[in-house]
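Heads up: the structure comes next, in structure tokens.
The values are calculated or read from the model by the stated rules, or taken from the named source; none is laboratory data. If you're wondering where the values come from, they're calculated on a predicted model, not measured in any experiment. Cβ placement follows ideal geometry from the backbone for every residue including glycine, while neighbour counts extend to all protein chains displayed.
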Amino acid sequence: MNPWIYKYYIEPIVLDSGYNPVNTITWALLLGVFLILISRIFRRMQLRLDDDLLIYTLPYVLAGSSLRVVEDANLVAAPAKYFLITPLIYLLVAVATFVSLVLCRKLFVHYYRAYAAVGVGWTAANLTVLFMSGVEMPWVPLVVISLGGGVTGALYLLRGRLAFLSDRFNLLILLAHMLDASSTYLGVDWLGYSEKHVVPTLLINLTGTALVMYPLKLMVLLPLLYLMEGALREEPSTRTLVRLALLVLGLAPATRNTLRMTLGI
């Protein structure tokens, strides 16, 4: 195997060593391609891409995040565990989610509820396995939710000046990323964890605190949400897909971080 490919793509998966500039850019590009493919598949199969689907897909985000913690807890041996590490876990969860949606659509009249129920059951199964080993810090979720919810609530007060924050889904995306920032701050600054993403790691090292995650997230998210409201207003399906991607990018790491700290992993 090419040493360059192994160093930048294979080694981070095998050793679970995190991200580097090369694979970060690659996974971002692949995400864009994946979103385009999903949009075309949904259109061809006449599946609706609407805000209801976004809400009912949330359990699968939690399922994927908790499944990632199963690997963090070393409950799965190699080579199977490699499928629970980025980017393979995103592909695994996406395929499972899509299959569940298609099957529920064929089997049930009100298939969204059945689709969500499968995701809830999957999440519950993951959490059952994880919590069997015991809880080290049960207060962590309360702190993360309080911090993330507090920042989001403060920003919501600005909805008079930032009209796009009046949209509940934009607010949900913002909350997801504030929870991610809060879990990173708590883990890095107070509990001795480390950040694995390239840009956050650089900024945390420069500033000496993971509090930098809050302005970093807001500097990216607020302009993006504002632009998305205008540019994608006439493309509701594309807007829903982008919203779902943004939600996953915030809620997935927030859930994983919080579970890891709660379980002491």
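List of remarks:
- Count of residues meeting criterion [modelled with pLDDT under 90 and either assigned to a helix (DSSP H, G or I) or surrounded by fewer than 14 Cβ atoms within 10 Å (Cβ to Cβ) (or both)] in segment 15-27: 2
- Residue match in segment 163-180 (condition: among the polar types (S, T, N, Q) and closer than 29 Å to SER39 by Cα): yes
- Exclusive hit being of a type in the set (Ser, Thr, Tyr) and either within 28 Å of LEU30 (Cα to Cα) or loosely packed, with under 15 Cβ neighbours inside 10 Å (or both), set TYR90, TYR111: TYR90
- Among the residues making up segment 177-200, those that are without any contact (Cβ under 8 Å) to a residue 24 or more places away in the chain and crowded, with 20+ Cβ neighbours inside 10 Å are VAL188, GLU195, PRO200.
- For segment 187-231, a residue qualifies if it is more than 20 Å from the chain's Cα centre (by Cα) and either hydrophobic (A, V, I, L, M, F, W, C) or in a loop (DSSP other than H, G, I, E, B) (or both), and the qualifying residues are TRP190, LEU191, GLY192, LEU202, LEU203, ILE204, LEU206, GLY208, THR209, LEU227, ALA231.
- When TYR60, TYR115, TYR90, TYR82 are checked against the criterion of being of a type in the set (Phe, Trp, Tyr), within 21 Å of the chain's Cα centre (by Cα), assigned to a helix (DSSP H, G or I) and over 30 Å from TYR8 (Cα atoms), TYR115 stands alone in meeting it.
- The single residue among THR152, THR123, THR184 that is under 19 Å from the mean Cα position of the chain (by Cα), under 16 Å from ILE55 (Cα atoms) and at pLDDT 95 or above turns out to be THR123.
- In segment 118-139, the residues that are touching a Leu at 6+ places or on another chain (Cβ under 7 Å) and assigned to a helix (DSSP H, G or I): THR123, ASN126, VAL129, LEU130
- Of all residues in segment 232-248, exactly one satisfies the criterion of being in a helix (DSSP H, G or I) and either free of Cβ contacts under 8 Å to residues at least 60 places away in the same chain or more than 21 Å from VAL61 (Cβ to Cβ) (or both), namely ARG239.
- Odd one out for TYR226, checked against (1) closer than 26 Å to ALA73 by Cα; (2) out of contact with any Ser or Thr (no Cβ under 8 Å at 6 or more places or on another chain): (1)
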